[in-house]
1. Within the range A:290-310, is even one residue outside any helix (DSSP H, G or I), within 24 Å of residue A:95 (Cα to Cα), out of contact with any helix residue (DSSP H, G or I) (no Cβ under 8 Å at 6 or more places or on another chain) and in the same structural domain as residue A:354 (by TED's automatic domain parsing)?
2. Can you find even one residue in the range A:30-37 that is assigned to a helix (DSSP H, G or I), in contact with a helix residue (DSSP H, G or I) (Cβ under 7 Å, 6 or more places away or on another chain) and either touching a residue at least 24 places away in the same chain (Cβ under 8 Å) or not assigned by TED's automatic domain parsing to the domain that holds residue A:190 (or both)?
3. Might you check whether a residue that is touching a residue at least 12 places away in the same chain (Cβ under 8 Å), assigned to a loop (DSSP other than H, G, I, E, B), assigned by TED's automatic domain parsing to the domain that holds residue A:105 and touching a helix residue (DSSP H, G or I) at 6+ places or on another chain (Cβ under 8 Å) occurs anywhere in the range A:155-165?
4. In the range B:135-178, how many are out of contact with any strand residue (DSSP E or B) (no Cβ under 7 Å at 6 or more places or on another chain), away from chain A (no Cβ under 14 Å) and under 30 Å from residue A:294 (Cα atoms)?
5. Select from the range A:345-361 the residues that are touching a helix residue (DSSP H, G or I) at 6+ places or on another chain (Cβ under 9 Å) and either surrounded by 15 or more Cβ atoms within 10 Å (Cβ to Cβ) or in a strand (DSSP E or B) (or both) and list them in ascending order.
6. Which one is modelled with the lowest pLDDT among residues in the range B:82-107 that are within 11 Å of another protein chain (Cβ to nearest Cβ) and over 20 Å from residue B:131 (Cβ atoms)?
7. When residues of the range A:99-117 are filtered for being within 18 Å of residue A:87 (Cα to Cα) and loosely packed, with under 15 Cβ neighbours inside 10 Å, how many remain?
8. Determine, yes or no, whether residue A:332 is under 23 Å from the mean Cα position of the chain (by Cα), crowded, with 16+ Cβ neighbours inside 10 Å, away from chain B (no Cβ under 14 Å) and assigned to a loop (DSSP other than H, G, I, E, B).
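The values are calculated or read from the model by the stated rules, or taken from the named source; none is laboratory data. Keep in mind that this is a model prediction, so the values were computed, not measured. Don't worry about glycine lacking a Cβ; one is built from the backbone with ideal geometry, like all the others, and counts go over all protein chains shown.
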């Protein structure tokens with residue numbers, strides 16, 4: 001029997017929201033370069049600024065703080081390198097696009113739930129030769145576990161440090177969501193994590209912070225990111241941000257109900273299933289679950305062959321299912337880490353999607 | 001996204017008949033194909049899809065191709081994985097990559113290095129077929145609900161009175177049966193080798209017909225983890241310090257010269273012996289891993305008729321090799337014309353091999369594979385001790 005595909009991988013990429021698709025289609029017909037003085041240019045510029053206002057509203061910041069980039073990874077790179085060459089710290093469970101900019105001895109440990117070890121942070125801050133940059137993710141992409149960003153930022157800033165937050169997984173899932181409550185200097189967002197297109201991200205830069213650009217050339221984005229703006233992508237980003245704002249505080253409640261339905265189902269069909277990070281505060285849409293016997297690679301393939309898309313750990317360019325550095329940082333042995341898959345629901349997910357996953361996963365236990 | 005229709009649905013059926021691929025109708029059953037990114041396994045996937053199998057392509061990532069990331073984790077696909085994925089796209093079949101780096105390192109590369117250090121000349125392709133391919137990949141195929149695992153090996157499988165039989169590939173120059181001697185009957189039950197009846201030209205013709213970009217891809221003769229054939233460097237990297245220099249001696253123990261490590265030599269080798277002043281050309285007779293000695297002698301001393309083998313796999317009639325022994329033809333290395341011999345079982349899965357006529361270059365660590373004409377009857381690993389006793 002042919003059944004529709006089920007997509008439970010919103011943390012990798014959320015399906016494009018209809019609002020974003022419509023905005024992008026409209027932008028396709030706008031010919032101008034946003035830097036041009038003529039009418040075409042002004043219309044293009046207006047689309048970029050509309051989107052900037054929407055993203056700023058989502059982040060709870062003034063529009064002037066929003067710097068559009070080509071991806072979340074680029075925004076992270078700009079955040080980590082832009083402030084200068086001082087010492088850098090981050091958690092051991094950050095996304096690779098942050099980890100790569102921080103020397104291994106600056107990767108702060110996490111506890112068994114995946115939460116930053118505050119003592120280790122205090123020690124590292126005290127031991128650093130000079131104030132530098134601390135980077136903390138708002139929520140982990142693999143487990144959904146939240147970091148105590150506001151608390152850690154207060155400690156770091158009191159020691160003279162700048163603080164960056166990779167918040168790509170947070171919008172639409174944590175409401176209210178705003179940069180001010182985190183007390184950070186820099187924050188990364190990504191369009192395709194919230195139902196916009198891939199290929200566009202944003203770094204939110206607090207007033208008064210100067211950043212050395214990665215891409216030099218024209219004066220776009222106030223000199224912080226040269227290159228003609230990705231008009232279509234930015235328009236999609238803005239529309240998706242607006243849709244997230246419109247969904248409001250009800251959406252995380254709906255997502256949590258889906259997630260709970262999912263986890264209740266998994267536990268019912270498999271008492272041996274382990275939800276990693278379940279005891280920590282976490283996103284309402286993410287479940288990282290360990291199978292009692294099967295490796296994540298086999299689970300992924302079986303589910304995919306049945307039309308259900310999930311993932312294991314972070315997506316990897318080779319398609320290979322790599323062992324998760326996140327779960328290993330949480331103290332899981334390599335074998336247990338290799339049995340964990342990630343299920344992430346989102347704006348397009350329904351109860352029947354979740355039920356289908358549970359039924360298929362239960363079948364993998366029977367053989 | 002695939003832009004063209006799946007070939008399985010559009011290519012005319014006579015392909016199988018006029019080019020002779022050995023494949024039964026799939027009727028919707030699921031087949032896992034081990035896709036390396038080369039032309040052989042790509043065509044294997046094509047003919048199975050063509051024959052109505054639901055093909056799932058799996059590519060094993062065995063080594064990191066030196067593309068380890070600064071963080072020490074590997075997240076990069078080599079060209080071969082890319083090629084396999086593109087072939088699967090073209091055929092319209094799902095494709096996945098399996099991380100077998102750990103198992104490959106442990107079961108193939110480490111054992112390869114240890115074998116050399118023991119003074120043997122290993123055959124890593126057999127170890128790979130025995131472990132990561134027909135143990136792990138076959139297990140993955142079962143976990144995916146596949147009825148069969150197909151590979152692009154040039155061997156044939158037939159079903160006889162005792163079940164599945166292994167036969168040489170139809171084209172002698174391409175036959176890979178030597179590397180599959182350790183395949184068990186249970187494994188053969190679930191394996192398929194659609195290319196066994198083809199020659200390379202026909203395989204390439206099929207690749208071209210299926211529109212596969214790999215149709216003209218060059219074939220590698222190297223061991224996959226020994227690029228350029230410099231195996232000594234690989235052993236040195238895996239077993240640092242194991243390469244002890246030593247003496248080159250004759251059978252009386254007289255020192256004739258020095259060598260840089262026994263791993264540089266194999267039994268029967270003449271070149272690379274830095275010795276002079278002997279009356280006739282000298283050949284490596286054996287390698288002594290304990291005293292780090294290369295023992296040399298004249299060509300006449302190389303001939304052997306009796307040696308023993310271990311870990312014997314029996315694929316002939318009956319559950320085990322007949323106790324009274326069996327007349328066979330044997331290959332003692334891949335590039336060797338089979339010669340007549342008698343094989344008799346010993347305890348502990350060992351066997352004694354007695355050649356009708358002496359053969360040169362019988363190297364411990366190589367496989368001795370038994371044939372009855374084109375059928376593979378099994379084989380085992382040539383042992384050091386039996387060799388010395390001969």
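1. yes
2. For the range A:30-37, residues assigned to a helix (DSSP H, G or I), in contact with a helix residue (DSSP H, G or I) (Cβ under 7 Å, 6 or more places away or on another chain) and either touching a residue at least 24 places away in the same chain (Cβ under 8 Å) or not assigned by TED's automatic domain parsing to the domain that holds residue A:190 (or both): absent.
3. Scanning the range A:155-165, I find at least one residue that is touching a residue at least 12 places away in the same chain (Cβ under 8 Å), assigned to a loop (DSSP other than H, G, I, E, B), assigned by TED's automatic domain parsing to the domain that holds residue A:105 and touching a helix residue (DSSP H, G or I) at 6+ places or on another chain (Cβ under 8 Å), so the answer is yes.
4. Final tally of qualifying residues: 3.
5. Correct list: A:345, A:346, A:347, A:349, A:353, A:354, A:357, A:358, A:360, A:361.
6. B:82
7. Looking only at that region, the number is 3.
8. Judged against the criteria, residue A:332 is a match.
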